[in-house]
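The structure appears below as structure tokens.
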Amino acid sequence: MKFKYIVVGAGIAGLVMAERIANELKSDVLVIEKRKHIGGNCYDYYDESGILIHKYGPHIFHTNYKKAWDYLSKFTEWNYYQHRVLTYIDGNYIPMPITTETINNLYNLNLSNNEVEDFLKEQAINISEIKNSEDVVLSKAGRDIYEKFFENYTKKQWDVYPNELDKSVISRIPVRYNKDTRYFTDRYQGIPKYGYTKMCENIIDNPKVHILFNTDYKDIINDIEHEYLIYTGPVDYYFDYKHGNLMYRSVKFELETLDIESYQETSVINYPNDYDFTRVTEYKKLTGQKTNKTTIAREYPTWDGEPYYPVPQNDYLEQYYKYKKEADLIKNVFFIGRLAEYQYYNIDKVVLNAMDLFENKIRRVK
Ligand code: FAD
Ligand code: UDP
């Protein structure tokens, strides 16, 4: 077999690359995927009750990058969903992230936005250099908020407390002095109207894209003559773990279909301090589907299972840079995506990086 371009992984990164190569360079491209489906961790499917399930956890697309939004909009219409999350604290459901509504609900107050700003600034601890994720919260909202909302959720999610995690992790969650309770405030937000899998099918709707499922690329790569490899799997696996195993946090999803129309008030509820799961997603609330049953997923973080989250801790990041240094020296292999770049990327950044890699490198080596 002979292909000029091979892509490893049929997740968003791999599919965007395959689409660009097929449509822009008019070249055939082989995608090798070890799972039995496309979409990577964005994959969704309809369960027996007809409810669209995000197999690898709830995925809400949100971005300020118009380029990423415009690109995906060529392949899907959108359900203009805006995400809202509640957090279960001491028997009450409190809006998350931290806003005026959170403070008023939590402490049973009726403060204005300005008063909440003063309140939080009073609670905040003065930290001269923000070194980790604990510092992020303590410096913005103080110890009580930290302990109630972040400390135990983070321990469940990452198996370490926030003081051992890079500041970028909890910086994902804002503190706002207003009543905007949306989880994200990006300009463009939504969920593909007919699902992520359908959107992914549309992305590679070109006979020049060939896919091999259920195949680990290492089993066949030496049998396929090729010039360029685009690799989206775990970077340590590519190098046979020569600098040691990188850590990836995984999640076990416990699905349950219930004979009731609605299970909870909003699509996602976080449980920082109760139970072993971190959050519960009720899928139909993401899609707006009308059915008389409902399916929920409880998320149990674990070290076993598929690699989902690169762990933003200094030791692993240093280890990753050893791999990156080597990766940068290989001229005909390109590393892209959440696993190959070992970065806690959302979908939009993965799309953007793949588009940029195509423009700046792949197109030029043509
Ligand atoms: P992946 O989706 O991991 O794809 C990599 C592919 O490569 C996989 O299909 C894998 O099977 C394949 N592969 C790996 N090794 C090999 C091999 N040796 N041979 C062949 N194939 C191989 N982002 C958002 O923007 N919004 C969200 O709400 C959101 N929620 C998330 C919730 C969870 C629980 C998780 C885990 C992630 C979430 N994300 C979210 C992030 C999003 O999933 C990723 O940014 C995106 O899917 C990464 O795409 P990718 O192609 O880089 O990687
Ligand atoms: N987090 C937390 N409590 C929450 C929500 C988030 O402590 O109720 C922290 C936790 O460390 C989590 C990180 O903030 O891993 C990022 O949260 P996000 O919701 O972005 O996580 P994801 O959807 O990527 O799993």
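The values are calculated or read from the model by the stated rules, or taken from the named source; none is laboratory data. The structure displayed is predicted, hence computed values, not measured ones. With ideal geometry, Cβ positions are generated from the backbone for all residues, glycine too; neighbour counts draw on all protein chains shown.
For the stretch 319-343, the set of residues classified as at pLDDT 95 or above and more than 13 Å from Val235 (Cβ to Cβ) consists of Leu329, Asn332, listed by residue number.
Listed conditions (1) more than 26 Å from Ser250 (Cα to Cα); (2) buried (at least 18 other Cβ atoms within 10 Å of the Cβ); (3) among the hydrophobic types (A, V, I, L, M, F, W, C) are all met by Val137, apart from (1). Number of residues in the stretch 235-275 that are in contact with a Phe, Trp or Tyr (Cβ under 7 Å, 6 or more places away or on another chain) and not polar (S, T, N, Q): the value is 17.
Summed over the stretch 65-98, residues that are farther than 19 Å from Ala141 by Cα and either free of Cβ contacts under 8 Å to residues at least 60 places away in the same chain or assigned to a loop (DSSP other than H, G, I, E, B) (or both) total 13.
Restrict the check to the stretch 54-66 and report whether at least one residue is modelled with pLDDT of 95 or more, more than 16 Å from ligand 2 (Cβ to nearest atom) and surrounded by fewer than 19 Cβ atoms within 10 Å (Cβ to Cβ). Checked the stretch 54-66: at least one residue is modelled with pLDDT of 95 or more, more than 16 Å from ligand 2 (Cβ to nearest atom) and surrounded by fewer than 19 Cβ atoms within 10 Å (Cβ to Cβ).
Results for (1) of a type outside the set (A, V, I, L, M, F, W, C); (2) over 16 Å from the mean Cα position of the chain (by Cα), shown as yes or no for each residue.
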residue	(1), (2)
Phe3	no, yes
Gly14	yes, no
Ala18	no, yes
Ala22	no, yes
Val31	no, yes
Lys36	yes, yes
Ile53	no, no
Pro58	yes, no
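Based on what the data block shows, is Tyr323 within 15 Å of ligand 1 (Cβ to nearest atom), out of contact with any Pro (no Cβ under 6 Å at 6 or more places or on another chain), touching a residue at least 40 places away in the same chain (Cβ under 8 Å) and not hydrophobic (A, V, I, L, M, F, W, C)? Here the answer is yes, as Tyr323 does meet what is asked. When the stretch 28-53 is limited to residues that are of a type in the set (Gly, Ala, Ser) and buried (at least 16 other Cβ atoms within 10 Å of the Cβ), the one that is nearest to ligand 2 (Cβ to nearest atom) turns out to be Gly40. Filtered by the rule that a residue be more than 14 Å from ligand 1 (Cβ to nearest atom) and either among the β-branched types (Val, Ile, Thr) or buried (at least 20 other Cβ atoms within 10 Å of the Cβ) (or both), the stretch 261-270 gives Thr266, Ile269.
Residue by residue, here is whether (1) aliphatic (A, V, I, L, M); (2) under 29 Å from Trp303 (Cα atoms); (3) away from ligand 1 (no atom under 16 Å from the Cβ) holds:
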residue	(1), (2), (3)
Gln82	no, no, no
Tyr88	no, yes, yes
Ile145	yes, yes, yes
Phe150	no, yes, yes
Lys155	no, yes, yes
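Among residues that are free of Cβ contacts under 8 Å to residues at least 12 places away in the same chain and outside any loop (DSSP other than H, G, I, E, B), Lys140 is not included. Mind checking whether some residue in the stretch 336-344 is away from ligand 1 (no atom under 15 Å from the Cβ) and without any contact (Cβ under 8 Å) to a residue 60 or more places away in the chain? No, the stretch 336-344 contains no residue that is away from ligand 1 (no atom under 15 Å from the Cβ) and without any contact (Cβ under 8 Å) to a residue 60 or more places away in the chain.
Within the stretch 329-352, restricting attention to residues that are surrounded by 21 or more Cβ atoms within 10 Å (Cβ to Cβ) and under 18 Å from Asp186 (Cβ atoms), which residue is nearest to ligand 2 (Cβ to nearest atom)? So the residue we want is Ile347. Looking only at residues that are away from ligand 1 (no atom under 11 Å from the Cβ) and in contact (Cβ under 8 Å) with a residue 40 or more places away in the chain in the stretch 206-226, which one is surrounded by the most Cβ atoms within 10 Å (Cβ to Cβ)? Residue satisfying both the conditions and the ranking: Val209.
When the stretch 272-295 is limited to residues that are buried (at least 20 other Cβ atoms within 10 Å of the Cβ) and not polar (S, T, N, Q), the one that is nearest to Val160 (Cα to Cα) turns out to be Pro272.
Of everything in the stretch 157-169 that is away from ligand 1 (no atom under 16 Å from the Cβ) and touching a residue at least 40 places away in the same chain (Cβ under 8 Å), the residue that is surrounded by the most Cβ atoms within 10 Å (Cβ to Cβ) is Leu165.
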